[in-house]
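Heads up, the thing below is written out as structure tokens.
The values are calculated or read from the model by the stated rules, or taken from the named source; none is laboratory data. This structure is a prediction, so every number in the text was calculated from the model and none was measured. Cβ coordinates were reconstructed from backbone atoms using ideal geometry, including for glycine residues, and neighbour counts include every protein chain displayed.
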Amino acid sequence: MNIQALLSEKVSQAMIAVGAPADCEPMVRQSARVQFGDYQANGIMAVAKKLGQQPRQLAERVVQHLDLNGIASKVEIAGPGFINIFLAPEWLAQQAEAALASPRLGVAPVDAQTIVIDYSAPNVAKEMHVGHVRSTIIGDAAARTLEFLGHHVIRANHVGDWGTQFGMLIAYLEKQQREHHEEIALADLEAFYREAKKTYDEDEAFAERARSYVVKLQGGDEYCRTMWKKLVDITMTQNQKVYDRLNVTLTRDDVMGESLYNDMLPGIVADLKAKGLAVESEGATVVFLDEFKNKEGEPMGVIVQKKDGGYLYTTTDIACAKYRYEQLHADRVLYYIDSRQHQHLMQAWTIVRKAGYVPESVPLEHHMFGMMLGKDGRPFKTRSGGTIKLSDLLDEAVERATALVSEKNPEMDADELRKLANIVGIGAVKYADLSKSRTTDYIFDWDNMLAFEGNTAPYMQYAYTRVLSVFRKAGIDENALLEGTIQLNDEREAQLAARLLQFEETITLVARDGTPHVMCAYLYDLAGLFSGFYEHCPILSAEDAAVRQSRLKLALLTARTLKQGLDTLGIETVERM
Ligand code: ARG
């Protein structure tokens, strides 16, 4: 049940009935304070102005036409013309029952779209580092969320698997294979890349070979293709281990690297020329865009083909957007890439739109995020100044979580402890990232993310186990059907129920804006409301059997909502901790 959508519909009908235009905005929002009811409609003032009417009088007429029979227990006009809506406890109880009876918590199915999500996108022969973490974690939460709502989600891992560096990498892999035995040589990708670069810079014969391999690879030479493929395979095998550890849903099948678009590039450049968008400039092929200015204030030139015939990252992203629309039939494309690539994407997409490759009706969205910073506010690095490897970071998270969890559960056996520490440690790293508003830089702080207080994974995971413990104590199987009906007599019960029923509008918002932190904030608030309810409304010791059953049902809906919400974020839960 999307209460906000339902009320918006009702208020806008009433507004139209009293003369407002058909596209008027009722602006129904969750009320900021309990005295303003559960929801508030703020759209009257703007319409009154348009109609040249007195806002309060208009509000009164709207309320006369507002049909919230059975839904609201009270409707009030406040301030200059706000409409405060108080939901009826009986109605909330009915909706809560319906949510409990539904495997989807009452969330209505959507008009399914095909949505492509571009995320993670590490580079070949380079280890995934913390810079790729944000894209992987946030992108995966978006994928899970949209999938839960019923969309057809295509995960596109735009791996950096093409470019002139591959001549050097192939030559170095060859050297390694000659000198050592095969795969071991690539155990540390970062070192491999560094060494390859060093050899390239120092050994002229090697550099010569590397350059010839680039040409051969581009020409489709079989040996070079095989070596290239080996590099991609080794990299993605290592990355897959990280994905699995992170409980991220990407698989090898989701790899759609830059090379996938190679065959499209000559055609695109030719087409851009034919359409008069691209021109020759100093030997290169360039699209001049009025939308972007260079330092001299002139239209910016975006190179789509270099003088030597090579294509660029931009050319690939033009082809990639076209492919996602034409071949994957995307209705919408989300890109989770750090904010430094914003200009690049905007340029590529401006060309895409001008060339008519993707119609305006199909949104191309850059969901950008800032950098991960250390506690000192500087880029997050190792003590010696190197980039932190994701696998090392996760090891540390689990190590720290082990200490935390064993302190709380001294008698837990080693096996269970290991499992729990993994779920808490990995969950903490992910949740810390997910819970922040995405666009800002974010400060990585172990103490904050592993705290049992505040909006953290351990707090949320613990809150979930606390709800379940009610059932354990009572010896009730929470999966069995619970007798009785929900009745909301206490204000805290009604508040909890209303919040529980806001799951749908929350997830709808996350899906629309691609912002998982909104779900984190919702779940955190929900857990807090449950605590208050639990303290003031005894469940198992309730004197009246009907009240006890009703409260058990509210607790059950809370548990399911927390679990489902955390699941859309890719955060695992446990039964006890
Ligand atoms: N591989 C790139 C990097 O590591 C990110 C690719 C993002 N996706 C895209 N369609 N450009 O910076």
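Numbers below:
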{"item": "Residue ID - surrounded by the most Cβ atoms within 10 Å (Cβ to Cβ), chosen from residues in segment 474-530 that are without any contact (Cβ under 8 Å) to a residue 12 or more places away in the chain and assigned to a loop (DSSP other than H, G, I, E, B)", "result": "Asp477"}
{"item": "Lone unmet requirement of (1) among the charged types (D, E, K, R); (2) more than 16 Å from the ligand (Cβ to nearest atom); (3) in contact with a helix residue (DSSP H, G or I) (Cβ under 9 Å, 6 or more places away or on another chain) for Lys198", "result": "(3)"}
{"item": "Selection count where residues are within 30 Å of His152 (Cβ to Cβ) and either assigned to a helix (DSSP H, G or I) or more than 16 Å from the ligand (Cβ to nearest atom) (or both), scope segment 291-344", "result": "20"}
{"item": "Considering residues of segment 1-34 that are touching a residue at least 40 places away in the same chain (Cβ under 8 Å) and not hydrophobic (A, V, I, L, M, F, W, C) only, the residue surrounded by the most Cβ atoms within 10 Å (Cβ to Cβ)", "result": "Lys10"}
{"item": "Verdict on Glu147 being out of contact with any Lys or Arg (no Cβ under 7 Å at 6 or more places or on another chain) and over 22 Å from Lys322 (Cα atoms)", "result": "yes"}
{"item": "Selection count where residues are of a type in the set (Asp, Glu) and within 16 Å of the ligand (Cβ to nearest atom), scope segment 95-151", "result": "3"}
{"item": "Of residues in segment 352-363 being away from the ligand (no atom under 14 Å from the Cβ) and more than 22 Å from His152 (Cα to Cα), the one nearest to the chain's Cα centre (by Cα)", "result": "Arg353"}
{"item": "Single residue of Lys408, Lys419 found to be at pLDDT below 90 and among the charged types (D, E, K, R)", "result": "Lys408"}
{"item": "Spans of strands (runs of 3 or more DSSP E) in segment 31-147 with at least 1 residues within 30 Å of Glu190 (Cα to Cα)", "result": "114-118"}
{"item": "Output for segment 393-444, where each listed residue is among the hydrophobic types (A, V, I, L, M, F, W, C) and without any contact (Cβ under 8 Å) to a residue 12 or more places away in the chain", "result": "Ala403, Met412, Ala414"}
{"item": "Lone unmet requirement of (1) touching a residue at least 12 places away in the same chain (Cβ under 8 Å); (2) away from the ligand (no atom under 16 Å from the Cβ) for Gly219", "result": "(1)"}
{"item": "Residue in segment 39-47 that is surrounded by fewer than 19 Cβ atoms within 10 Å (Cβ to Cβ) and touching a strand residue (DSSP E or B) at 6+ places or on another chain (Cβ under 9 Å) present", "result": "yes"}
{"item": "Sole residue being at pLDDT 95 or above, in a helix (DSSP H, G or I) and closer than 22 Å to Tyr335 by Cβ, chosen from Leu169, Leu272", "result": "Leu272"}
{"item": "Extreme residue, farthest from the chain's Cα centre (by Cα), among residues of segment 29-41 that are closer than 17 Å to Leu6 by Cβ and among the polar types (S, T, N, Q)", "result": "Gln40"}
{"item": "Unique match (being more than 30 Å from Thr558 (Cβ to Cβ), small (Gly, Ala, Ser), at pLDDT below 95 and not assigned by the TED database to the domain that holds Met227) among Gly79, Gly106", "result": "Gly79"}
{"item": "Subset tally (residues that are of a type outside the set (Val, Ile, Thr), closer than 14 Å to Val153 by Cβ and in contact (Cβ under 8 Å) with a residue 60 or more places away in the chain) for segment 244-260", "result": "3"}
{"item": "Residue ID - nearest to the chain's Cα centre (by Cα), chosen from residues in segment 154-164 that are part of a strand (DSSP E or B) and crowded, with 20+ Cβ neighbours inside 10 Å", "result": "Arg155"}
{"item": "Unmet criterion (only one of (1) in contact with a strand residue (DSSP E or B) (Cβ under 8 Å, 6 or more places away or on another chain); (2) of a type outside the set (S, T, N, Q); (3) farther than 30 Å from Arg340 by Cα) for Lys381", "result": "(3)"}
